[in-house]
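So the structure is just underneath, and the comments pick up after that.
The values are calculated or read from the model by the stated rules, or taken from the named source; none is laboratory data. It should be emphasised that the depicted structure is a prediction, and the values quoted were computed from it without experimental measurement. As a convention, Cβ positions derive from the backbone with ideal geometry for all residues, glycine included, and neighbour counts pool all protein chains shown.
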Amino acid sequence: MRTVLVTGPGGAGRSTIAAATALAEARRGIRVTLLTADRLPGELAGVAVRRIDSAAHFRAELLAFQDRASAALDLLGASRLDAEELTELPGAEQLALLSALREAAADRPDLLVVDLPPADRALAALALPEQLRRYLRRLLPPERQAARSLRPVLAQLAGVPMPAQWLYETAARWDLELAAVQAVVEDPGTTVRLVAEPGPAAAETLRTARLGLAVHGLALDAVVANRLLPIETPDPWLAGLVAQQRKHLDELAQEFPVVREVAHLGRDPRGDDDLEHLATGPEPDAAPAPARPVEDRLAEDGVLVWRLPLPGAVKDGLALVRRGDELLLTVGPFRRIVPLPSALRRCTVTGAGLSDGVLDIRFTPDPELWPRGR
(Lines give C-alpha, C1' and ligand atoms only; values in the text may rest on other atoms or scores of the structure.)
Protein backbone atom coordinates (compact mmCIF):
# COMPACT_ATOMS: atom_id res chain seq x y z
CA MET A 1 0.00 0.00 0.00
CA ARG A 2 1.23 3.49 -0.89
CA THR A 3 0.16 6.40 1.28
CA VAL A 4 0.46 10.01 0.13
CA LEU A 5 0.00 12.67 2.81
CA VAL A 6 -0.90 16.00 1.21
CA THR A 7 -0.27 19.26 3.05
CA GLY A 8 1.21 22.71 2.53
CA PRO A 9 0.46 26.38 3.27
CA GLY A 10 -3.15 27.24 4.04
CA GLY A 11 -5.26 28.20 1.04
CA ALA A 12 -2.87 26.70 -1.52
CA GLY A 13 -5.36 24.11 -2.85
CA ARG A 14 -4.27 21.08 -0.83
CA SER A 15 -7.70 19.44 -0.84
CA THR A 16 -8.14 19.96 -4.58
CA ILE A 17 -4.74 18.44 -5.40
CA ALA A 18 -5.43 15.51 -3.05
CA ALA A 19 -8.77 14.88 -4.78
CA ALA A 20 -7.20 15.21 -8.25
CA THR A 21 -4.45 12.74 -7.30
CA ALA A 22 -6.97 10.21 -6.01
CA LEU A 23 -9.23 10.53 -9.06
CA ALA A 24 -6.39 10.21 -11.57
CA GLU A 25 -5.13 6.99 -9.97
CA ALA A 26 -8.66 5.56 -9.73
CA ARG A 27 -9.13 6.13 -13.46
CA ARG A 28 -5.95 4.11 -14.05
CA GLY A 29 -7.64 1.16 -12.34
CA ILE A 30 -5.94 1.61 -8.95
CA ARG A 31 -7.99 0.95 -5.81
CA VAL A 32 -7.88 4.37 -4.12
CA THR A 33 -9.14 5.75 -0.83
CA LEU A 34 -9.25 9.49 -0.15
CA LEU A 35 -9.37 10.67 3.46
CA THR A 36 -10.53 14.26 3.88
CA ALA A 37 -12.43 16.64 6.14
CA ASP A 38 -13.21 19.19 3.40
CA ARG A 39 -15.91 19.58 0.78
CA LEU A 40 -14.87 18.06 -2.54
CA PRO A 41 -15.13 19.84 -5.91
CA GLY A 42 -16.36 16.70 -7.69
CA GLU A 43 -18.01 13.32 -7.26
CA LEU A 44 -14.69 11.43 -7.54
CA ALA A 45 -16.13 8.44 -9.40
CA GLY A 46 -14.31 5.25 -8.45
CA VAL A 47 -12.68 6.71 -5.33
CA ALA A 48 -13.64 5.49 -1.86
CA VAL A 49 -14.03 8.74 0.10
CA ARG A 50 -13.82 8.63 3.89
CA ARG A 51 -14.81 11.72 5.87
CA ILE A 52 -13.12 13.00 9.01
CA ASP A 53 -15.69 14.32 11.51
CA SER A 54 -13.74 15.55 14.52
CA ALA A 55 -16.83 16.59 16.51
CA ALA A 56 -18.50 13.18 16.15
CA HIS A 57 -15.23 11.39 16.94
CA PHE A 58 -14.72 13.48 20.10
CA ARG A 59 -18.22 12.72 21.38
CA ALA A 60 -17.96 9.00 20.64
CA GLU A 61 -14.54 8.64 22.29
CA LEU A 62 -15.44 10.59 25.41
CA LEU A 63 -18.72 8.72 25.92
CA ALA A 64 -16.96 5.38 25.42
CA PHE A 65 -14.28 6.32 27.95
CA GLN A 66 -17.00 7.40 30.37
CA ASP A 67 -18.67 3.99 30.04
CA ARG A 68 -15.43 2.09 30.59
CA ALA A 69 -14.61 4.14 33.67
CA SER A 70 -18.16 4.04 35.05
CA ALA A 71 -17.27 2.17 38.26
CA ALA A 72 -14.51 4.60 39.20
CA LEU A 73 -16.62 7.64 38.25
CA ASP A 74 -19.53 6.35 40.35
CA LEU A 75 -17.17 5.81 43.28
CA LEU A 76 -16.08 9.44 42.98
CA GLY A 77 -19.67 10.64 42.74
CA ALA A 78 -19.15 12.06 39.25
CA SER A 79 -22.07 13.36 37.21
CA ARG A 80 -22.32 11.77 33.75
CA LEU A 81 -22.02 13.87 30.60
CA ASP A 82 -24.60 13.56 27.81
CA ALA A 83 -23.71 13.61 24.11
CA GLU A 84 -25.80 16.76 23.56
CA GLU A 85 -23.66 18.83 25.94
CA LEU A 86 -20.29 17.81 24.52
CA THR A 87 -18.32 20.32 22.45
CA GLU A 88 -15.00 19.22 21.00
CA LEU A 89 -11.90 20.53 22.73
CA PRO A 90 -8.64 21.77 21.18
CA GLY A 91 -6.67 18.81 19.87
CA ALA A 92 -9.78 16.82 18.93
CA GLU A 93 -9.14 17.47 15.22
CA GLN A 94 -5.70 15.84 15.39
CA LEU A 95 -6.95 12.77 17.25
CA ALA A 96 -9.85 12.35 14.84
CA LEU A 97 -7.43 12.54 11.91
CA LEU A 98 -5.17 9.86 13.40
CA SER A 99 -8.09 7.57 14.14
CA ALA A 100 -9.47 7.97 10.62
CA LEU A 101 -5.99 7.33 9.16
CA ARG A 102 -5.70 4.08 11.12
CA GLU A 103 -9.15 2.88 10.01
CA ALA A 104 -8.60 3.82 6.35
CA ALA A 105 -5.21 2.06 6.25
CA ALA A 106 -6.75 -1.08 7.75
CA ASP A 107 -8.70 -1.54 4.49
CA ARG A 108 -5.36 -1.79 2.61
CA PRO A 109 -6.20 0.11 -0.61
CA ASP A 110 -3.58 0.26 -3.33
CA LEU A 111 -3.24 4.00 -2.70
CA LEU A 112 -4.36 6.00 0.32
CA VAL A 113 -4.42 9.77 -0.25
CA VAL A 114 -4.77 11.82 2.93
CA ASP A 115 -5.85 15.46 2.77
CA LEU A 116 -4.05 16.90 5.81
CA PRO A 117 -4.49 20.30 7.51
CA PRO A 118 -1.97 23.11 6.81
CA ALA A 119 1.68 22.14 7.23
CA ASP A 120 2.28 23.28 10.82
CA ARG A 121 -0.80 21.47 12.15
CA ALA A 122 -0.15 18.45 9.93
CA LEU A 123 3.40 17.99 11.25
CA ALA A 124 2.16 18.27 14.84
CA ALA A 125 -0.48 15.58 14.18
CA LEU A 126 1.96 13.20 12.47
CA ALA A 127 4.36 13.50 15.43
CA LEU A 128 1.64 12.71 17.99
CA PRO A 129 1.63 8.87 17.87
CA GLU A 130 5.32 8.61 18.77
CA GLN A 131 5.03 11.32 21.44
CA LEU A 132 1.88 9.96 23.09
CA ARG A 133 3.20 6.40 23.17
CA ARG A 134 6.32 7.63 24.95
CA TYR A 135 4.19 9.49 27.50
CA LEU A 136 2.08 6.39 28.13
CA ARG A 137 5.17 4.23 28.69
CA ARG A 138 6.60 6.76 31.15
CA LEU A 139 3.39 7.42 33.08
CA LEU A 140 2.03 3.86 33.03
CA PRO A 141 4.99 1.47 32.58
CA PRO A 142 3.77 -1.94 31.37
CA GLU A 143 6.04 -3.70 33.87
CA ARG A 144 4.09 -2.09 36.72
CA GLN A 145 1.19 -4.38 35.86
CA ALA A 146 2.98 -7.27 37.57
CA ALA A 147 0.51 -7.07 40.44
CA ARG A 148 -2.42 -7.55 38.09
CA SER A 149 -3.30 -10.92 39.66
CA LEU A 150 -4.01 -9.20 42.99
CA ARG A 151 -6.58 -6.80 41.57
CA PRO A 152 -9.56 -9.23 41.62
CA VAL A 153 -8.90 -9.87 45.31
CA LEU A 154 -8.62 -6.17 46.04
CA ALA A 155 -11.74 -5.50 43.99
CA GLN A 156 -13.72 -8.01 46.08
CA LEU A 157 -12.49 -6.44 49.30
CA ALA A 158 -13.33 -2.94 48.14
CA GLY A 159 -16.58 -3.93 46.45
CA VAL A 160 -15.78 -2.09 43.20
CA PRO A 161 -13.36 -2.68 40.31
CA MET A 162 -9.96 -1.18 41.06
CA PRO A 163 -9.31 2.00 39.02
CA ALA A 164 -5.83 0.81 38.07
CA GLN A 165 -7.31 -2.05 36.09
CA TRP A 166 -9.39 0.04 33.69
CA LEU A 167 -6.65 2.65 33.59
CA TYR A 168 -4.05 0.15 32.38
CA GLU A 169 -6.54 -1.46 30.01
CA THR A 170 -7.35 1.94 28.51
CA ALA A 171 -3.66 2.78 28.21
CA ALA A 172 -2.99 -0.56 26.51
CA ARG A 173 -5.81 0.05 24.02
CA TRP A 174 -4.55 3.55 23.25
CA ASP A 175 -1.03 2.24 22.78
CA LEU A 176 -2.22 -0.37 20.26
CA GLU A 177 -4.19 2.21 18.30
CA LEU A 178 -1.34 4.71 18.33
CA ALA A 179 1.12 1.99 17.29
CA ALA A 180 -1.07 1.20 14.28
CA VAL A 181 -1.10 4.87 13.22
CA GLN A 182 2.64 5.19 13.81
CA ALA A 183 3.22 2.14 11.62
CA VAL A 184 1.35 3.85 8.76
CA VAL A 185 3.25 7.13 9.18
CA GLU A 186 6.64 5.40 9.35
CA ASP A 187 5.93 2.83 6.63
CA PRO A 188 8.46 2.96 3.74
CA GLY A 189 5.51 3.39 1.35
CA THR A 190 4.34 6.60 3.03
CA THR A 191 5.39 9.97 1.64
CA VAL A 192 4.44 13.61 2.11
CA ARG A 193 3.49 15.94 -0.74
CA LEU A 194 3.65 19.71 -0.25
CA VAL A 195 1.25 21.92 -2.23
CA ALA A 196 1.88 25.66 -2.59
CA GLU A 197 1.43 28.63 -4.86
CA PRO A 198 4.94 29.87 -5.74
CA GLY A 199 5.70 33.05 -3.82
CA PRO A 200 7.88 34.43 -1.01
CA ALA A 201 5.57 33.39 1.85
CA ALA A 202 5.04 29.91 0.44
CA ALA A 203 8.78 29.36 -0.03
CA GLU A 204 9.48 29.96 3.65
CA THR A 205 6.62 27.67 4.71
CA LEU A 206 7.92 24.93 2.41
CA ARG A 207 11.46 25.20 3.83
CA THR A 208 10.14 24.97 7.37
CA ALA A 209 7.93 22.01 6.48
CA ARG A 210 10.84 20.21 4.77
CA LEU A 211 12.93 20.63 7.92
CA GLY A 212 10.09 19.35 10.11
CA LEU A 213 9.65 16.30 7.90
CA ALA A 214 13.37 15.52 8.20
CA VAL A 215 13.33 15.90 11.99
CA HIS A 216 10.51 13.37 12.23
CA GLY A 217 11.97 11.00 9.63
CA LEU A 218 9.27 11.51 6.97
CA ALA A 219 9.95 11.32 3.23
CA LEU A 220 9.06 14.23 0.94
CA ASP A 221 8.19 12.94 -2.53
CA ALA A 222 7.38 16.20 -4.35
CA VAL A 223 6.38 19.83 -4.17
CA VAL A 224 3.31 20.70 -6.24
CA ALA A 225 3.48 24.24 -7.60
CA ASN A 226 -0.23 24.97 -7.88
CA ARG A 227 -2.26 27.62 -9.76
CA LEU A 228 0.46 28.62 -12.17
CA LEU A 229 -0.56 31.47 -14.46
CA PRO A 230 -0.04 31.19 -18.26
CA ILE A 231 3.40 32.39 -19.29
CA GLU A 232 2.22 34.27 -22.38
CA THR A 233 -0.11 37.18 -21.60
CA PRO A 234 -0.64 40.62 -23.22
CA ASP A 235 -1.74 42.13 -19.89
CA PRO A 236 1.21 44.03 -18.29
CA TRP A 237 -0.26 43.71 -14.78
CA LEU A 238 -0.75 39.95 -15.16
CA ALA A 239 2.72 39.66 -16.75
CA GLY A 240 4.20 41.03 -13.53
CA LEU A 241 2.48 38.31 -11.50
CA VAL A 242 3.64 35.68 -13.95
CA ALA A 243 7.24 36.88 -13.66
CA GLN A 244 7.05 36.72 -9.86
CA GLN A 245 5.62 33.20 -9.99
CA ARG A 246 8.28 31.97 -12.42
CA LYS A 247 11.06 33.47 -10.31
CA HIS A 248 9.92 31.61 -7.19
CA LEU A 249 9.22 28.48 -9.22
CA ASP A 250 12.83 28.47 -10.40
CA GLU A 251 13.98 28.82 -6.77
CA LEU A 252 11.83 25.85 -5.76
CA ALA A 253 13.32 23.78 -8.58
CA GLN A 254 16.80 24.50 -7.24
CA GLU A 255 15.95 23.64 -3.62
CA PHE A 256 13.63 20.64 -4.01
CA PRO A 257 14.45 17.54 -6.07
CA VAL A 258 10.95 17.09 -7.54
CA VAL A 259 8.61 19.98 -8.40
CA ARG A 260 5.37 19.23 -10.25
CA GLU A 261 3.61 22.09 -12.02
CA VAL A 262 -0.18 22.54 -12.08
CA ALA A 263 -1.74 25.25 -14.24
CA HIS A 264 -4.42 27.62 -13.00
CA LEU A 265 -7.84 26.75 -14.44
CA GLY A 266 -8.92 30.40 -14.41
CA ARG A 267 -11.68 29.53 -11.93
CA ASP A 268 -12.39 27.20 -9.06
CA PRO A 269 -12.52 23.53 -10.17
CA ARG A 270 -15.99 22.08 -10.67
CA GLY A 271 -16.52 18.40 -11.28
CA ASP A 272 -14.33 15.42 -12.07
CA ASP A 273 -13.26 16.69 -15.50
CA ASP A 274 -11.67 19.78 -13.94
CA LEU A 275 -9.94 17.61 -11.36
CA GLU A 276 -8.52 15.42 -14.11
CA HIS A 277 -6.85 18.50 -15.63
CA LEU A 278 -5.15 19.17 -12.27
CA ALA A 279 -3.58 15.73 -11.91
CA THR A 280 0.22 15.74 -11.69
CA GLY A 281 0.91 12.44 -13.43
CA PRO A 282 1.01 8.83 -12.25
CA GLU A 283 2.33 7.94 -8.83
CA PRO A 284 5.89 6.60 -8.71
CA ASP A 285 6.31 2.87 -8.20
CA ALA A 286 8.57 3.37 -5.19
CA ALA A 287 8.59 5.96 -2.44
CA PRO A 288 11.72 8.01 -1.71
CA ALA A 289 13.72 7.02 1.33
CA PRO A 290 12.76 8.91 4.52
CA ALA A 291 15.30 11.15 6.23
CA ARG A 292 16.10 8.79 9.08
CA PRO A 293 19.35 8.58 11.06
CA VAL A 294 22.06 6.39 9.56
CA GLU A 295 24.75 4.85 11.74
CA ASP A 296 28.25 4.72 10.22
CA ARG A 297 31.47 3.31 11.65
CA LEU A 298 34.66 5.27 11.08
CA ALA A 299 37.43 2.69 11.25
CA GLU A 300 40.30 5.17 11.39
CA ASP A 301 39.57 6.34 14.95
CA GLY A 302 37.05 3.79 16.20
CA VAL A 303 34.28 6.41 16.51
CA LEU A 304 30.65 5.76 15.61
CA VAL A 305 28.82 8.52 13.75
CA TRP A 306 25.07 8.94 13.62
CA ARG A 307 24.09 10.94 10.53
CA LEU A 308 20.77 12.76 10.48
CA PRO A 309 19.71 14.66 7.32
CA LEU A 310 18.37 18.09 8.30
CA PRO A 311 17.99 20.14 5.09
CA GLY A 312 17.79 23.84 5.81
CA ALA A 313 18.90 23.58 9.45
CA VAL A 314 21.20 26.26 10.89
CA LYS A 315 23.53 25.95 13.86
CA ASP A 316 21.89 28.80 15.79
CA GLY A 317 18.61 26.91 15.96
CA LEU A 318 20.12 23.54 16.83
CA ALA A 319 20.30 21.93 20.30
CA LEU A 320 21.25 18.37 21.24
CA VAL A 321 21.02 16.79 24.70
CA ARG A 322 21.75 13.19 25.71
CA ARG A 323 19.35 11.82 28.31
CA GLY A 324 19.82 8.18 29.18
CA ASP A 325 19.09 6.11 26.08
CA GLU A 326 17.56 9.04 24.19
CA LEU A 327 18.62 12.16 22.35
CA LEU A 328 16.61 15.36 22.78
CA LEU A 329 16.87 17.05 19.39
CA THR A 330 15.71 20.63 18.85
CA VAL A 331 15.93 22.09 15.34
CA GLY A 332 14.33 25.47 14.80
CA PRO A 333 10.68 25.20 15.86
CA PHE A 334 10.78 21.39 15.97
CA ARG A 335 11.65 19.11 18.85
CA ARG A 336 11.90 15.33 18.92
CA ILE A 337 13.09 12.78 21.45
CA VAL A 338 14.92 10.09 19.50
CA PRO A 339 15.69 6.66 21.01
CA LEU A 340 19.27 5.55 20.44
CA PRO A 341 20.14 2.23 18.77
CA SER A 342 21.40 -0.38 21.20
CA ALA A 343 25.02 -0.02 20.06
CA LEU A 344 25.06 3.73 20.68
CA ARG A 345 23.57 3.36 24.14
CA ARG A 346 26.94 1.94 25.21
CA CYS A 347 28.76 5.02 23.97
CA THR A 348 29.31 8.57 25.09
CA VAL A 349 28.61 11.58 22.88
CA THR A 350 31.94 13.20 22.02
CA GLY A 351 30.86 15.81 19.51
CA ALA A 352 28.44 16.92 16.83
CA GLY A 353 28.64 19.02 13.69
CA LEU A 354 26.23 20.36 11.08
CA SER A 355 27.45 20.57 7.50
CA ASP A 356 25.56 20.78 4.18
CA GLY A 357 22.25 19.94 5.83
CA VAL A 358 23.52 16.83 7.62
CA LEU A 359 24.01 16.55 11.38
CA ASP A 360 26.86 14.21 12.37
CA ILE A 361 26.80 13.06 16.00
CA ARG A 362 29.98 11.36 17.17
CA PHE A 363 29.89 8.54 19.72
CA THR A 364 32.89 6.97 21.43
CA PRO A 365 32.46 3.42 22.81
CA ASP A 366 32.47 3.31 26.61
CA PRO A 367 35.17 0.79 27.63
CA GLU A 368 33.18 -0.10 30.74
CA LEU A 369 30.22 -1.23 28.64
CA TRP A 370 31.88 -2.73 25.53
CA PRO A 371 33.53 -6.16 25.69
CA ARG A 372 37.31 -5.94 25.80
CA GLY A 373 39.39 -7.64 23.13
CA ARG A 374 41.66 -10.54 24.03
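Determine, yes or no, whether ALA319 is part of a strand (DSSP E or B), surrounded by 13 or more Cβ atoms within 10 Å (Cβ to Cβ) and outside the structural domain of THR205 (by TED's automatic domain parsing). Against the criterion (part of a strand (DSSP E or B), surrounded by 13 or more Cβ atoms within 10 Å (Cβ to Cβ) and outside the structural domain of THR205 (by TED's automatic domain parsing)), ALA319 does not qualify. Inspection of region 33-40 identifies at least one residue that is over 18 Å from the mean Cα position of the chain (by Cα), under 24 Å from ARG267 (Cα atoms), assigned to a loop (DSSP other than H, G, I, E, B) and among the acidic types (Asp, Glu). The set of residues in region 16-34 being over 9 Å from VAL195 (Cβ atoms) and of a type outside the set (Val, Ile, Thr) consists of ALA19, ALA20, ALA22, LEU23, ALA24, GLU25, ALA26, ARG27, ARG28, GLY29, ARG31, LEU34.
Applying the condition of being modelled with pLDDT under 95 and farther than 25 Å from HIS57 by Cα to region 27-41 and asking which residue is surrounded by the fewest Cβ atoms within 10 Å (Cβ to Cβ) yields GLY29.
Here is a check on your reading of the model: is LEU44 out of contact with any Lys or Arg (no Cβ under 7 Å at 6 or more places or on another chain) and free of Cβ contacts under 8 Å to residues at least 40 places away in the same chain? Against the criterion (out of contact with any Lys or Arg (no Cβ under 7 Å at 6 or more places or on another chain) and free of Cβ contacts under 8 Å to residues at least 40 places away in the same chain), LEU44 does not qualify. Just to be sure, is PRO339 under 20 Å from ARG210 (Cα atoms) and within 22 Å of the chain's Cα centre (by Cα)? Taking the combined requirement at face value, the residue does not satisfy it. Going residue by residue through region 190-202, is there one that turns out to be basic (Lys, Arg), in a helix (DSSP H, G or I), crowded, with 16+ Cβ neighbours inside 10 Å and at negative phi? No, every residue in region 190-202 fails to be basic (Lys, Arg), in a helix (DSSP H, G or I), crowded, with 16+ Cβ neighbours inside 10 Å and at negative phi. Annotation: ALA24 fulfils all but one of (1) free of Cβ contacts under 8 Å to residues at least 60 places away in the same chain; (2) not in a strand (DSSP E or B); the unmet one is (1). Checking the stated criteria, ARG51 turns out not to satisfy the condition of being touching a Leu at 6+ places or on another chain (Cβ under 9 Å) and over 28 Å from ASP274 (Cβ atoms). All of LEU238, LEU211 fail the test of being in the same structural domain as LEU128 (by TED's automatic domain parsing), assigned to a helix (DSSP H, G or I) and either under 25 Å from the mean Cα position of the chain (by Cα) or closer than 27 Å to LEU111 by Cα (or both), apart from LEU211. Please indicate, with yes or no, whether at least one residue in region 52-72 is within 26 Å of GLN94 (Cβ to Cβ), at pLDDT 90 or above and surrounded by 14 or more Cβ atoms within 10 Å (Cβ to Cβ). Taking every residue of region 52-72 in turn, at least one turns out to be within 26 Å of GLN94 (Cβ to Cβ), at pLDDT 90 or above and surrounded by 14 or more Cβ atoms within 10 Å (Cβ to Cβ).
One residue stands out among those in region 93-120 that are in contact with a Leu (Cβ under 9 Å, 6 or more places away or on another chain) and farther than 16 Å from LEU34 by Cα: the one that is surrounded by the fewest Cβ atoms within 10 Å (Cβ to Cβ), which is GLN94. Residues in region 252-277 that are β-branched (Val, Ile, Thr) and part of a strand (DSSP E or B) were compared, and the one that is farthest from ALA219 (Cα to Cα) is VAL262.
On the stretch given as region 217-232, residues that are under 25 Å from the mean Cα position of the chain (by Cα) and either assigned to a strand (DSSP E or B) or of a type in the set (S, T, N, Q) (or both) total 7.
What do you reckon, is ALA343 without any contact (Cβ under 8 Å) to a residue 24 or more places away in the chain, among the hydrophobic types (A, V, I, L, M, F, W, C) and either surrounded by 13 or more Cβ atoms within 10 Å (Cβ to Cβ) or outside any helix (DSSP H, G or I) (or both)? No, not satisfied. Consider only pairs whose beta carbons are under 7 Å apart and that are at least six residues apart or on different chains; among these, list those whose first residue lies in region 99-126 and is outside the structural domain of ASP53 (by TED's automatic domain parsing) and whose second residue is of a type in the set (Val, Ile, Thr) and modelled with pLDDT of 95 or more. Qualifying pairs under 7 Å: none.
For region 116-132, the set of residues classified as aliphatic (A, V, I, L, M) and within 15 Å of ARG14 (Cα to Cα) consists of LEU116, ALA119, ALA122, LEU123, listed by residue number.
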